[in-house]
Amino acid sequence: MSFSKKQVQQMLGEYPKTFIVAGAHSLADVFTFDDLTQPHFILFEADIRLVTEMQANLNDMERVKVIHACLSDKENEEIEFHNLPLGSSSILAPIHENLTHFSDKFVEASKKIKMQTTTLDAWMLELKILRPVCLIVDVQGAEAKVLRGSVKILKFVDLILIEASTREYYKNQVLLPELKKLLKQMNFRVLRKRVDPWNYQGDLLAMNEEVISFKKLMQVIF
């Protein structure tokens, strides 16, 4: 992710108490965004191998929860999960000729695994969420699907850090301009963006409009 712990804190004015990570891949997000305030981390990952590895390396099971789930915009839809090299697995079919821009390893055939999808909203009642909340979405092209399956939970999310691309690496991937429009429809304002011109990949940092309005009100009052 392109944004740092310090930038996340600056945007909110306080440090998040909960990080929800869609597409965790590893414990790197915990190491990157952990803080002396000891926030809680809820990590979702579809690849069972990565889930097993993360669970084996957890040393604080009170604060860090790892959930094996294939997040999308629909409940109980059977899909093909494309298990790719270099940890870039996705519920969207890869476009290999574009992915080879990153590495020649992507010419290898991906392994397809039948999986049942779920949504973040379906987990809402089971999650212990303390605000402010930062949602991190890094699901290899399926970011829009995860957002559409998170309509209820987004009302409790203060900040979104989401991967975006200006090039289609996966079939039917929603690219950066449309992703920005989707965030706006969901009442989030993109405040910062960073895109690497080399690989057409980057991140958006968006804040809940209600949080922005509240901050403006507090500035007027005080």
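Do any helices (runs of 4 or more DSSP H) entirely within region 1-105 hold 1 or more residues that are within 18 Å of the chain's Cα centre (by Cα), and if so, which?
Result: 5-12, 28-33, 48-57.
So, in region 177-192, exactly how many residues are out of contact with any Asp or Glu (no Cβ under 7 Å at 6 or more places or on another chain) and either basic (Lys, Arg) or open to solvent by 10 Å² or more (accessible area, probe 1.4 Å) (or both)?
11
Considering only residues that are of a type in the set (A, V, I, L, M, F, W, C), crowded, with 22+ Cβ neighbours inside 10 Å and farther than 16 Å from residue 157 by Cα, which ones fall in region 100-143?
Passing the criteria: 139, 142.
For region 8-40, give me each residue that is over 22 Å from residue 51 (Cα atoms) and either surrounded by 14 or more Cβ atoms within 10 Å (Cβ to Cβ) or in contact with a helix residue (DSSP H, G or I) (Cβ under 9 Å, 6 or more places away or on another chain) (or both).
Scanning region 8-40 gives 8, 9, 11, 12, 13, 15, 16, 17, 35.
Would you pick out the residues in region 202-222 that are open to solvent by 90 Å² or more (accessible area, probe 1.4 Å) and modelled with pLDDT of 90 or more?
Across region 202-222, the qualifying residue is only 210.
Which condition breaks for residue 72 when tested against (1) closer than 24 Å to residue 205 by Cβ; (2) out of contact with any helix residue (DSSP H, G or I) (no Cβ under 7 Å at 6 or more places or on another chain); (3) modelled with pLDDT of 90 or more; (4) not aliphatic (A, V, I, L, M)?
(2)
Among the residues of region 143-196, write down those that are basic (Lys, Arg), within 21 Å of residue 16 (Cα to Cα) and part of a loop (DSSP other than H, G, I, E, B).
If the condition is that a residue be basic (Lys, Arg), within 21 Å of residue 16 (Cα to Cα) and part of a loop (DSSP other than H, G, I, E, B), then 152 is the only one that fits.
Does region 154-171 contain any residue that is in contact (Cβ under 8 Å) with a residue 40 or more places away in the chain and polar (S, T, N, Q)?
no
Report, ordered by the first and then the second residue, all pairs with beta carbons closer than 6 Å, sequence separation of six or more or different chains, a first member in region 1-12 that is closer than 25 Å to residue 140 by Cα, and a second member that is modelled with pLDDT of 90 or more and surrounded by fewer than 17 Cβ atoms within 10 Å (Cβ to Cβ).
2/194
Since residue 199 meets every condition but one in (1) in a loop (DSSP other than H, G, I, E, B); (2) over 14 Å from residue 147 (Cα atoms); (3) in contact with a Leu (Cβ under 8 Å, 6 or more places away or on another chain); (4) open to solvent by less than 50 Å² (accessible area, probe 1.4 Å), which condition does it not meet?
Here residue 199 clears every test but (3).
Among the residues of region 41-53 satisfying the criterion of being free of Cβ contacts under 8 Å to residues at least 60 places away in the same chain and farther than 20 Å from residue 128 by Cα, which is least open to solvent (accessible area, probe 1.4 Å)?
47
Residue 153 - would you say it is open to solvent by less than 20 Å² (accessible area, probe 1.4 Å), closer than 17 Å to residue 208 by Cα and either at pLDDT 95 or above or of a type in the set (A, V, I, L, M, F, W, C) (or both)?
In short, yes.
The values are calculated or read from the model by the stated rules, or taken from the named source; none is laboratory data. Please read all numbers here as calculations on a predicted model, not as lab measurements. Note: ideal-geometry Cβ built from the backbone for every residue, glycine included; neighbour counts use all protein chains shown. Protein only, heavy atoms only, side chains kept; ligands, DNA and RNA dropped before computing areas. Shrake-Rupley method; radii C 1.70, N 1.55, O 1.52, S 1.80 Å.
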